[in-house]
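Let me begin by presenting the structure, written as structure tokens, before commenting on it.
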Amino acid sequence: MKHHHQHHHGHQHHHHSPQQDLKHHKHLEHLAEATALAASAYALHEKHQIKKDPQHAHRHKIAEEVAATVALGAAGFALHEHHLVKEAKHQIKVERHHHHRHHY
């Protein structure tokens with residue numbers, strides 16, 4: 001199984017510390033959460049516009065569906081990044097334990 005950095009962001013030749021990975025994945029998780037929240041709010045706005053502006057209902061319905069799809073994709077990406085945050089935290093813990101065991 002490939003390590004996640006071999007297929008993310010073109011970083012296959014860079015070596016990152018678990019601390020750098022943690023910061024990077026936390027940042028992406030928060031961006032994805034914010035995107036999901038904004039897209040959800042926009043989907044609700046467009047849903048309201050269908051009632052408020054019935055002559056353009058079809059346009060608003062499409063915008064609502066696109067925004068809802070973006071929200072779902074962003075939420076899925078946030079979940080993926082959350083998993084990578086947990087993985088980086090685990091790696092930090094493993095390295096600390098390994099370091100402490102060999103330096104008495």
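The values are calculated or read from the model by the stated rules, or taken from the named source; none is laboratory data. This is a predicted model, so every value here is computed, not measured. Neighbour counts run over all protein chains shown; Cβ positions are idealised from the backbone, glycine included. Heads up: the accessible areas ignore ligands, DNA and RNA and are worked out on the full protein's heavy atoms, side chains in. Shrake-Rupley method; radii C 1.70, N 1.55, O 1.52, S 1.80 Å.
Points worth noting:
- Residue list for segment 52-104, restricted to those being part of a helix (DSSP H, G or I) and of a type in the set (D, E): E64, E65, E81, E87, E95
- So A75, is it surrounded by 13 or more Cβ atoms within 10 Å (Cβ to Cβ), more than 30 Å from P18 (Cβ to Cβ) and within 18 Å of the chain's Cα centre (by Cα): no
- Whichever residue in segment 46-56 is under 31 Å from the mean Cα position of the chain (by Cα) and open to solvent by less than 90 Å² (accessible area, probe 1.4 Å) and, among such residues, is nearest to A68 (Cα to Cα): E46
- Taking the criterion of being among the aromatic types (F, W, Y) and modelled with pLDDT of 95 or more, the only residue of segment 50-104 that qualifies is F77.
- Sole exception among (1) more than 17 Å from the chain's Cα centre (by Cα); (2) open to solvent by 100 Å² or more (accessible area, probe 1.4 Å); (3) not acidic (D, E) for A63, by number: (2)
- Residues in segment 27-45 that are open to solvent by less than 80 Å² (accessible area, probe 1.4 Å) and closer than 30 Å to H90 by Cα: L28, E29, A32, A34, T35, A36.
- Any pair with Cβ under 7 angstrom, 6 or more apart, that starts in segment 80-102 at a residue that is within 18 Å of H24 (Cβ to Cβ) and ends at one that is open to solvent by 60 Å² or more (accessible area, probe 1.4 Å): V85/K26; I92/Q19
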